[in-house]
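Undergrad: Take this structure first; my questions come after.
The values are calculated or read from the model by the stated rules, or taken from the named source; none is laboratory data. All values derive from a computational prediction rather than experimental measurement. Cβ coordinates were reconstructed from backbone atoms using ideal geometry, including for glycine residues, and neighbour counts include every protein chain displayed.
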Amino acid sequence: MTNHPEVDQTLERLVDQLRAAAGENLLGSALYGGLAKGRYTPGTSDVNVLAVVADATLPALLQLAPVLTAALRDSQVVSFVATPADLREAAVLFPVKVLDIQLWHRVLWGDVHLADVEVQPEALRLRSLQELKNMELRLRLRVVERDGESDALWRGLLRSLPKLAVTLEVLVRSRGLEVPADRPGLLRQAARKLGVAAGFVEPVADLRRRDPRPADEEVRRLLSAYLDLLAELCRTLGGVGG
């Protein structure tokens, strides 16, 4: 299933427990996110699991709660519980997330009802633009709320990069184009395919979540470059530059 035997055992056990807890209400389950894409760091990355149910009312959720709470606590399993109708609605409201799941998921059991979910290109563009602008505004806010403190700025930058990678990856794949599996390659190719000059992405392309914080001046240089990249991506997708 994956290249991580311990995670495979966790997922097999989780599916058995979900089926026992939910009975016929559980329609299917799937793995998605970084692990499904081959990007997973044990002890750091979450394990994202979609659970599709026929009934998502409170009594039905309470049946699932002990299983999913334990999975989150013990194995960093982050669950997304939805009905088939929820998935169709989410394709309009959260097209980046839904298309990301559609493109990179592995069915663990049953039918996850993704085949008849359609993401419209314009909805995807607008939502991507919204997410990129939100990243930019949040980082600006962090600067002024944390008095430019380097540790806070560095954490904000590193936490934003995976979200950026997901958004760009989905945008490029939605156009029928392949992207590299590694994040640096993904960022470079996505920027190129979207018409963003290499000079915007190059300063931050190789940053990793576990990188030690550099000197204060370098943190500010990298954050400035990242904000410029986000602003350029927003302009490219049709937004108003920051």
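Undergrad: Considering only residues that are part of a helix (DSSP H, G or I) and surrounded by fewer than 16 Cβ atoms within 10 Å (Cβ to Cβ), which ones fall in the range 3-17?
TA: Pro5, Glu6, Asp8, Gln9, Glu12, Arg13, Asp16
Undergrad: Check the range 32-42 and report whether any residue there is under 19 Å from the mean Cα position of the chain (by Cα), at pLDDT below 95 and among the aliphatic types (A, V, I, L, M). Working first, answer last.
TA: Of all residues in the range 32-42, those under 19 Å from the mean Cα position of the chain (by Cα) come to 32-42.
Retained after the next criterion (residues that are at pLDDT below 95): 33-42.
Among the residues that remain, those that are also among the aliphatic types (A, V, I, L, M) are: 35-36.
Yes, the range 32-42 has at least one match.
Undergrad: Can you tell me which of (1) under 22 Å from Arg39 (Cα atoms); (2) touching a residue at least 40 places away in the same chain (Cβ under 8 Å) is the one Glu178 doesn't meet?
TA: Condition (2) is where Glu178 drops out.
Undergrad: Also, I was wondering about something else. Among the residues in the range 224-237, are any farther than 21 Å from Leu126 by Cα and at pLDDT below 90?
TA: Within the range 224-237, not a single residue is farther than 21 Å from Leu126 by Cα and at pLDDT below 90.
Undergrad: Any idea which of (1) in a helix (DSSP H, G or I); (2) crowded, with 18+ Cβ neighbours inside 10 Å is the one Val179 doesn't satisfy?
TA: (1)
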